[in-house]
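For reference, the structure is listed below as structure tokens.
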Amino acid sequence: MEFADLTLILLPALCAGVLVLATHVPLGYQVLKRGIIFIDLAIAQVAALGVVFAQLMHFEHYGAWATYLASAGFALVGAGLLAWLETRLKQELEAVIGCVYVVSAALALLLLSHDPHGAELIKQTLSGSILWVSWQDLWVHGLIYLSILLLTYLRPKLIESGWFYPLFAIAITSSVSLVGVYLVFASLVMPTLATWLLAPGPMRLLCGYGVGVVAYVIGLGLSAMLDWPSGATVVCSLACTGLIFRMISNILHQKKTAVVVD
């Protein structure tokens, strides 16, 4: 494959990754702060369940956005349930989030048990099809991400309130349709874990974005050169890049602590 053809394929995929990171990195810090690490995996799986439901009901006949709206509806219901439970549960909340994930995954399997294309749809919702993202998809979902970013910029306390859950659900729905469940989780958690030791502020946010973008570039490049599955390759790239940055941060943090003690 020539370089020009490769660029035409990888550039939209990289832009999709950047759009996902744009909302997921700041939301990831809020997820870690709240101690609900697996909420994105649960909501992403609920959104994927909405896609499965839309497929079985043949929502595609009503237009491309019918499936998205079904997925968003499922995700908002799941997020609303977890928001309600957050005020009533403390220690059990993370366990309930895990239950939401596994029940949603099981329901998806049950709904598709007699569908001849069920296995392919499950694979697509989990690992995504980032290499097949179109520019039209990016424009539409980009407007959704931009709206969320503007809301959180103009009202920074918004994601610290109960409004975090519906905003999170909408962002996750778009991300599942672009990159799949696995990359949704990896894009939200791994860059934030890598930069968690840094002081909260613009620099930590920029470093989180940097870790994510570098990982997407490396992952997509390796996927193209070695003919590996793109979603899985980027997930592993995010893990390696995040681990390296975290190790460097640990060393710098220890040296800084030693200087202060001395």
Practice prompt. Output yes when any residue across region 237-248 is touching an Asp or Glu at 6+ places or on another chain (Cβ under 7 Å) and within 30 Å of I122 (Cα to Cα), and no when none is.
Written response: no
Practice prompt. Of all residues in region 77-109, count the ones that are among the polar types (S, T, N, Q) and over 20 Å from the mean Cα position of the chain (by Cα).
Written response: 2
Worksheet entry | Among (1) under 24 Å from H117 (Cβ atoms); (2) among the small types (G, A, S); (3) touching a residue at least 12 places away in the same chain (Cβ under 8 Å) - the single one G78 does not satisfy | (1)
Worksheet item: Quick one: in region 178-197, which of the residues that are out of contact with any Phe, Trp or Tyr (no Cβ under 7 Å at 6 or more places or on another chain) and small (G, A, S) is farthest from I144 (Cα to Cα)?
Response: A186
Item to complete: Within region 86-109, work out how many residues are farther than 11 Å from I36 by Cα, part of a helix (DSSP H, G or I) and of a type in the set (A, V, I, L, M).
Response: 8
Discussion item. Between L146, L138, L126, L121, which is outside any loop (DSSP other than H, G, I, E, B) and either of a type in the set (S, T, Y) or exposed (fewer than 14 other Cβ atoms within 10 Å of the Cβ) (or both)?
Written reply: L146
Worksheet, complete the sentence: Exactly one of P191, P200, P156 is touching a residue at least 40 places away in the same chain (Cβ under 8 Å), of a type outside the set (A, V, I, L, M, F, W, C) and over 12 Å from A22 (Cα atoms), and that one is P200
Practice prompt. Note down all Cβ pairs under 9 Å where the first residue falls in region 11-31 and is in contact (Cβ under 8 Å) with a residue 12 or more places away in the chain, the second is acidic (D, E) and surrounded by 19 or more Cβ atoms within 10 Å (Cβ to Cβ), and they're at least six residues apart or on different chains.
Written response: H24/D40; L27/D40; G28/D40; V31/D40
Worksheet item: Looking only at region 222-259, which residues are in contact (Cβ under 8 Å) with a residue 24 or more places away in the chain and over 24 Å from the mean Cα position of the chain (by Cα)?
Response: N250, H253
Fill in: Flag if V234 is at negative phi, touching a Leu at 6+ places or on another chain (Cβ under 7 Å), crowded, with 23+ Cβ neighbours inside 10 Å and among the β-branched types (V, I, T)
yes
Worksheet item: Out of curiosity, is S249 surrounded by 12 or more Cβ atoms within 10 Å (Cβ to Cβ) and modelled with pLDDT under 90?
Response: yes
Item to complete: Mind counting the residues in region 161-216 that are of a type outside the set (F, W, Y), farther than 30 Å from V52 by Cβ, touching a helix residue (DSSP H, G or I) at 6+ places or on another chain (Cβ under 9 Å) and surrounded by fewer than 21 Cβ atoms within 10 Å (Cβ to Cβ)?
Response: 9
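The values are calculated or read from the model by the stated rules, or taken from the named source; none is laboratory data. The structure presented is a predicted model; accordingly, all values stated were derived computationally and were not measured. Cβ atoms come from the backbone with ideal geometry, glycine included; neighbour counts cover every protein chain shown.
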